[in-house]
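Engineer: Structure incoming, see below.
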Amino acid sequence: MSLLEARDITKKFGGLAAVSNLSFNVNKGEILGVIGPNGSGKTTVFNCISRFFPLTSGELYFKDQRIDELPAHKICDIGIGRTFQVVKPLKRMSVEENVMAGAFLRTSSMHKARLKANEIIEFCGLEKYKYREAKSLPIPLRKRLEIARSLATDPELLLLDETCAGLNPKESEEAIALIRKIRDAGMTIIIVEHIMKVMMGISDRILAINFGSMIAFGSPQEVSNHPEVIRAYLGDAYA
Amino acid sequence: MELFGQTVICGVLLGGMYALIAIGMTLIMGVMKIVNLAHGALVMVGMYVTYVCFTEFGIDPYIGMFIAMPVLFLIGCLIQKYMINRLVEVDSILPENQVLLTVGIMLVLTEVMRLGFKSDYRSVVTGYSSNTVFIGGMSISIAMFIGFFIAMGFTLLLHLFLSKTDIGKSIRAVAQDRDAAVYMGVNSSKITMLTFGIGAALAAAGGSLLLPLFYLWPDIGHLFTAKSFIITILGGMGSTLGAAIGGIVLGIAESLGATYISMGYKDLVGLVIFLLVLLFLPGGFRSLVRRS
Amino acid sequence: MKNFNLALKILLVVIAVILPLVIKAPYQLHIIILIFIWAIIGTSWNLLGGYTGQVSFGHAAFFGVGAYAAGLLQFHLGVSPWWGMLLGPFAAMVISLPIGLIAFRLRGPYFALAMLALGEIFRLLFINLAFTNGAKGILIMPEITSKMFYYYVGLSALALTIGITYLIVHSKIGFYLVSIREDQDAATSLGIPTTLYKNLALLPSAFFTGLAGALYMNYVAFIDPNIVFNLSNISVMAIMVVMLGGVATTWGPTVGAAIYIILGEVFRTTLGSANVLVFGVLVCLIILFLPNGIVGELDMLRGFLARKKEGAAGGVKI
């Protein structure tokens, strides 16, 4: 069953189409990887799904409910959580408070929110930093905090934007381990990532886009052997 | 009809001088992203410098302004370097405390002038102050004409400075994206200091040009701060040309308002227009041009 | 430590209650009553400005409407202006609805400027309307002249304001408000309807500012639009009080109000015409060296010693 379905979504900035006529679906329980060179429209796709930008045309369905006309904050409410490529921690709040801010979506009780937050902080391995202010965290932990905060809203679908960008190999491995752990807990994930190796190992299916249009969609093997993908990444000589 | 024509022309002339003051503010707002509530006070200080030159040394205001400008340039640089810039580095919950600092600076400048000159209304009377020219039955003050053309001259010079010189280009670069400008090797703290200085100097120039037309007292600054805001919002933050157009529009609106709307509601109409522009034309008049 | 804090608070309350029995001098009581009024305004402003990050330059609108609600009751209907203590806050809240609708469409400096314009619009309206008696203002004959009475009314109003604000800040709403201040996009991504919550901060903020206005009308007995809708003496001072005392702290606005009123009085009586100048210099120095206000910086110092584990969002100070 497909959890999220995009039908011919298009997003134009002025005359420039950042995303054009893109259709794809995400099945429940899978990890869908979105790849593409810089500026190919990956983050724009996320921003369209999470309603940070209105679509120029096309339709988005989540659990067969149309979502492209909902206000941005409702998207999280119906079960789609997201992280940001450029992390946006709530700087002057502690790690615990950041995660609580997410947990409050499903409860109004301070006590329940704190319990939930602590559970998630432990799940994400952030216990040591629980009382640290978010602005004092290094980048890898800030990225982890973004994930934790968004998990606290109990999403069914999680949109991860460049979770490994800017991390060293060891840190990325830890991040990937966390993503796997989240998937094993039953979450559906769409992940945007630059590093092909990461994507090949973790994704069930991959959507490759360039100039806002789909160039390949399928299993990691299919996509990585697709001539268009090779051309987009390595240039014509290798295609 | 003559009344209407005279009203509009006076508005345009006055607006040109307002524009010069507002360009100072829009430069500062564009580059530093702060609301400078001390801007009118800088205008006021500039006016006093020109006033003193006139009364003590008999220097004509149109020459005195060339003394007021460097003085205010210096004051502006010092304020930026030793006060506002310090706040950029401190971590505070509300970045708006910079605004409050400018309120403090405004208080200090106003009160220093009050200590020196009392709250008396002062004015400059030159040989030509009351002279007017007649164009087809409309009488227009000479001082307005001179002021307008000097103001437009400065606007043009500034425009050239910003578009042709290295420093001007650096100022525009910092206004657009401070980080990117720094990566390109722009010394952003020097540029912000210069910008504040230039903004203050333009405020002084505008004030000096208006000196033959306005009474001067320490609290006149508020008036100019308010006008500069309106013009800045009308013209779009950080745009020289926008501010020039915004100034003229405000000048016309004001003088039409003074002639045709009752005094009491005049300011109200201005504020409502201000709000509407803020809401529906967030980039000022420029967004109109872009849309079409 | 917790017991000590509690003891300190009880002691403060006891002092506040018995103070007018000790200080009987009307002048001193007058100063304290003014502090109460300003502490209420500051605490209200702080909810919207300090916690939610929406810096309003137009709180004079709520103060003025609160004051006029009380004054006009007497002026038009001959009803005791004390009923204004009820009507004023609600009137302020009612006008905050359209104000929020307009101003919250904007962010950052544009929001600040819109609020500034809205505050001025109210001033000009009240000057020009016949219903409000124009620029002549409203003079009432106070029924009660005992300073001690006003002291207790002011104290209760302040206690109510601080109490309600404290409850709001230390709840889910408070977390959401601080989240909006820290990063509006992140807040949206967590499912927070940001405009709704900004309005939820504005409503009580307007309510209590209106309460302060109504109290002012009753106490001072004379208002005119240029006094109660004043940009620099009300709207900007509201910000000043909070920034002096401590942004996003429970006691900051009260501390700021005390400093502002007391120093203002001291300067006025000792420095003569230079008093505003010295005040301006002081404002500059405090912002430069204590950018988060006196209470804010104190807590930061204390925070190095023992990081608090409880409380509300954003290390909100108790």
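Read-outs: derived from the displayed coordinates by stated rules, not from any lab. The model shown is predicted, which means the values in this text are computed figures rather than measured ones. Reconstructed Cβ throughout: ideal geometry from the backbone, glycine too, with neighbour counts over all protein chains shown.
Engineer: Express in whole angstrom the spacing between the alpha-carbon centres of segment B:186-258 and segment A:164-207.
Structural biologist: Centre-to-centre distance over Cα atoms comes out at 54 Å.
Engineer: Two decimals is fine: what is log10 I(q)/I(0) at q = 0.14 Å⁻¹ for chain B, from a Debye sum with one equal scatterer on every Cα and no solvent?
Structural biologist: -1.04
Engineer: Hey, another quick one. How shielded is B:104-116 by partner chains, expressed as the average number of their Cβ atoms within 10 Å of its Cβ atoms?
Structural biologist: 5
Engineer: Where the convex hull is taken over the Cα atoms of segment A:79-184, what is its projected area averaged over directions, in nm²?
Structural biologist: Its Cα hull, projected and averaged over all orientations, spans 6.0 nm².
Engineer: Additional query: Can you list, bin by bin at 20 Å, the percent of alpha carbon pairs in chain C, starting at 0?
Structural biologist: Spelled out per bin, shortest first, that is 32, 59, 8.
Engineer: Among the listed pairs A:Lys88/A:Lys143; A:Lys11/C:Lys198; A:Lys42/A:Lys74; A:Lys143/C:Lys198; A:Lys88/A:Lys130, give every one whose C-alpha distance is greater than 19 Å.
Structural biologist: Listed pairs above 19 Å: A:Lys11/C:Lys198; A:Lys42/A:Lys74; A:Lys143/C:Lys198.
Engineer: What share of the DSSP beta bridges in chain A is antiparallel, in percent to the nearest 5?
Structural biologist: Looking only at bridges with both residues in chain A, the antiparallel portion is about 55 percent.
Engineer: If contacts are Cα pairs under 8 angstrom and at least 6 residues apart, what is the relative contact order of chain B in percent?
Structural biologist: Once normalised by length, the contact order is 40 percent.
Engineer: Could I have the simple spin-label model distance between B:Leu223 and C:Glu143, label points 7 Å from Cα toward Cβ, reported in nm to one decimal?
Structural biologist: 4.5 nm
Engineer: So if we plug the beta-carbon distance of B:Arg86 and B:Lys190 into 1/(1 + (r/R0)^6) with R0 = 22 Å, what FRET efficiency do we get, rounded to 0.05?
Structural biologist: Working from the Cβ atoms, E equals 0.90.
Engineer: Using a 10 Å Cβ count of at most 13 others and DSSP loop calls, identify the longest part of chain C lacking such GluC sites (Glu not before Pro).
Structural biologist: That gives C:144-309 as the longest site-free run.
Engineer: Now a separate question. Compute the signed sum of charges (Lys and Arg +1, Asp and Glu -1) over the other residues within less than 12 Å, Cβ to Cβ, of A:Ala134.
Structural biologist: +4
Engineer: For Cα pairs less than 8 Å apart in space and 6+ apart in sequence, what is the mean separation divided by the residue count of chain C, i.e. the relative contact order in percent?
Structural biologist: RCO, chain C: 30 percent.
Engineer: Mean Kyte-Doolittle hydropathy of 1.0 or higher plus an axial Cα length of 18 Å or more: which whole DSSP H helices in chain C meet both?
Structural biologist: Length and hydropathy pass: C:2-22, C:26-46, C:84-103, C:108-128, C:147-169, C:252-271, C:275-289.
Engineer: Further question on the same structure: Could you compute the net charge surrounding B:Gln80? Neighbours are other residues with a C-beta less than 15 Å from the C-beta of B:Gln80; K and R count +1, D and E count -1.
Structural biologist: +4
Engineer: Could you tell me the center-to-center distance, by alpha carbons, between segment C:218-295 and segment A:44-123 in angstrom?
Structural biologist: Centre-to-centre distance over Cα atoms comes out at 40 Å.
Engineer: So, one more: For the protein assembly as shown, with only Lys/Arg (+1) and Asp/Glu (-1) charged at the beta-carbon, what is the dipole magnitude about the Cα centre, in debye rounded to 20?
Structural biologist: The dipole of the protein assembly as shown has a size of about 960 debye.
Engineer: Below 14 angstrom from the Cβ of C:Met243, what's the summed charge of the other residues (Lys, Arg +1; Asp, Glu -1)?
Structural biologist: -2
Engineer: While we're here: For the protein assembly as shown, take the alpha-carbon Rg, divide it by the Kirkwood Rh, and send me Rg/Rh.
Structural biologist: Result for the protein assembly as shown is an Rg/Rh of 1.01.
Engineer: Would you mind putting C:200-206, A:49-55 in packing order, based on average other-beta-carbon counts within 10 Å, highest first?
Structural biologist: C:200-206, A:49-55
Engineer: How many Cβ atoms of partner chains, on average, are near each residue of B:217-226 if near means within 10 Å of its Cβ?
Structural biologist: 1
Engineer: Also, quick follow-up: When the Cα centres of segment B:143-171 and segment C:203-217 are compared, how far apart do they sit, in Å?
Structural biologist: 48 Å
Engineer: Here's something else I'd like to know. Is there a simple number for the mean count of other chain Cβ atoms within 10 Å of the Cβ of residues in C:285-295, and what is it?
Structural biologist: 5
Engineer: Note the angle between two axes, namely the Cα long axis of helix B:61-79 and the longest principal axis of the Cα atoms of chain B, as a number of degrees from 0 to 90, rounded to the nearest 10.
Structural biologist: In chain B, helix B:61-79 runs at an angle near 20 degrees to the longest axis.
Engineer: Next question. Please state the charge dipole magnitude for chain C, taken about the Cα centre, from unit charges on C-beta atoms (+1 on K and R, -1 on D and E), reported in debye and rounded to the nearest 20.
Structural biologist: 460 debye
Engineer: With N residues in chain A, what two-decimal value do you get for its Cα radius of gyration over 2.2 N^0.38 Å?
Structural biologist: 1.01
Engineer: Moving on to the next point. Viscosity 1.002 mPa s, temperature 20 °C: Stokes-Einstein D of segment B:36-124 from its Kirkwood Cα radius, in µm² per second?
Structural biologist: Answer from the Stokes-Einstein relation: 150 µm²/s.
Engineer: List the trypsin sites (Lys or Arg not before Pro) within segment B:130-174 that fall in a DSSP loop (any state other than H, G, I, E or B) and whose Cβ has at most 10 other Cβ atoms within 10 Å.
Structural biologist: Within segment B:130-174, no trypsin sites (Lys or Arg not before Pro) qualify (loop, at most 10 other Cβ atoms within 10 Å).
Engineer: Also, quick follow-up: D for segment A:143-219, whole µm²/s, Stokes-Einstein with Kirkwood Rh over alpha-carbon pairs at 37 °C and 0.692 mPa s: what number?
Structural biologist: The diffusion coefficient I find is 248 µm²/s.
Engineer: Restricting to the protein assembly as shown, what percent of DSSP beta bridges are antiparallel, rounded to 5?
Structural biologist: If we restrict to bridges inside the protein assembly as shown, about 60 percent are antiparallel.
Engineer: On to the next question. Given DSSP loops and a limit of at most 15 other Cβ atoms within 10 Å, what is the longest stretch of chain C that contains no such trypsin sites (Lys or Arg not before Pro)?
Structural biologist: C:108-306
Engineer: If you keep only loop residues by DSSP, which trypsin sites (Lys or Arg not before Pro) in segment A:1-49 have at most 15 other Cβ atoms within 10 Å of their Cβ?
Structural biologist: Qualifying residues, ordered by number: A:Lys28.
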